[in-house]
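Encoded as structure tokens, the structure appears first; notes follow it.
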Amino acid sequence: MSERLLDEKAKGLLKLLALESWQYTPMSSYSKGMKQRVLIAAALMHDPKLLIFDEPLSGLDVASSRMFKDLLEELAAAGKAILYISHVLEVVEQVCNRVIVIAKGKIQADARPDELTRLMALPNLESVFAQLVEQQDTRSVARSLVEVMQIENA
């Protein structure tokens with residue numbers, strides 16, 4: 001990429017991600033959300049066909065998170081392949097059209113989020129994931145944790 005094009009794209013991305021005024025400030029003074037936005041800009045710089053995002057909403061404020069979700073839709077509409085890795089399954093349900101659940105190196109499920117919840121007769125993807133991967137009654141564990149917490153000194 002020519003230096004002129006690189007400069008033009010960098011300035012445009014920094015402006016759109018509200019980082020333009022910070023461009024000469026060392027990244028060590030950036031907040032976690034600002035660093036995430038820089039990483040998003042870097043991922044978009046070369047117009048790749050495949051984008052890999054690992055926990056991309058970590059550290060982003062509500063407005064930046066909403067913008068990123070909209071960006072995912074625009075990238076998909078532009079024909080980009082997106083690998084979105086996250087433990088925030090509510091967001092996965094909102095932005096992904098296919099979910100692959102991997103546990104202990106093996107694929108446990110591979111389908112659309114709505115298909116997974118329908119097939120397993122569960123209310124949401126988090127419940128599906130818990131049943132496929134956790135293989136423990138998380139409600140019982142939570143109840144036991146509260147019981148232990150409430151034990152009084154004898």
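Each value in this text was obtained by applying a stated rule to the coordinates, not by laboratory testing. Just so it is clear, the model here is predicted, and its values are computed rather than measured. Cβ coordinates were reconstructed from backbone atoms using ideal geometry, including for glycine residues, and neighbour counts include every protein chain displayed.
How high is the relative contact order of region 82-154? Use alpha-carbon pairs under 8 Å, at least six apart in sequence, and give a whole percent.
Values: 51 pairs, mean separation 14.2, N = 73.
Relative contact order, region 82-154: 19 percent.
Rounded, prolate or oblate, given the Cα gyration tensor of region 18-58, with a/c below 1.5 counting as rounded?
Working: a/c = 2.98, a/b = 1.56, b/c = 1.91.
Here region 18-58 falls in the oblate category.
Can you tell which of V101, V38, V141 shows the greatest fluctuation in a Gaussian network model of the chain with Cα springs below 10 Å?
Comparing V101, V38, V141 in a Gaussian network model of the chain, the most mobile one is V141.
Rounded, prolate or oblate: which fits the chain when a ≥ b ≥ c are the square roots of the eigenvalues of the alpha-carbon gyration tensor, with rounded for a/c under 1.5 and prolate only if a/b beats b/c?
Taking the square roots of the gyration eigenvalues as a ≥ b ≥ c, the chain is oblate.
Which entries in K15/K49; K15/K104; K35/K106; K9/K106; K9/K104 show an alpha-carbon gap greater than 30 Å? If you can, show how the numbers build up before the last one.
Details: K15/K49 23 Å; K15/K104 42 Å; K35/K106 32 Å; K9/K106 40 Å; K9/K104 40 Å.
Long pairs (Cα-Cα over 30 Å): K15/K104; K35/K106; K9/K106; K9/K104.
Work through the residues other than R98 whose Cβ is under 15 Å from its Cβ and net out their charges, Lys, Arg +1 and Asp, Glu -1.
Working: positive: K80, R112, R118; negative: E73, E93, D110, D114, E115.
So the environment of R98 carries a net charge of -2.
Take A18 and D110, extend 7 Å from each Cα along the Cα→Cβ direction, and tell me the distance between the two endpoints in nm.
Simple spin-label model gives 3.9 nm for this pair.
With runs of 4+ DSSP H residues as the only contributors, calculate the mean residue ellipticity of the chain at 222 nm using -39,500 (n - 2.57) per run, divided by the residue total and rounded to the nearest 500. The partial results should precede the final answer.
On the way: 7 runs with 74 residues, N = 154.
So the helix-based figure for the chain works out to -14500 deg cm²/dmol.
With a sphere of radius 15 Å drawn around the Cβ of K69, what net charge do the other residues whose Cβ falls strictly inside it have (Lys, Arg +1; Asp, Glu -1)?
On the way: positive: R37, R66, K80; negative: E55, D61, D70, E73, E74, E90, E93.
Taking every Cβ under 15 Å from that of K69, the sum is -4.
Treating the beta-carbon of each Lys and Arg as +1 and of each Asp and Glu as -1, no other charges, what is the dipole magnitude of the chain about its Cα centre, to the nearest 20 debye?
340
On a straight-distance basis, which aspartates and glutamates could pair with K69 in a cross-link, Cα separation under 20 angstrom, same-chain partners fewer than 8 positions away excluded?
D47, D54, E55, D61, E90, E93, D114, E126
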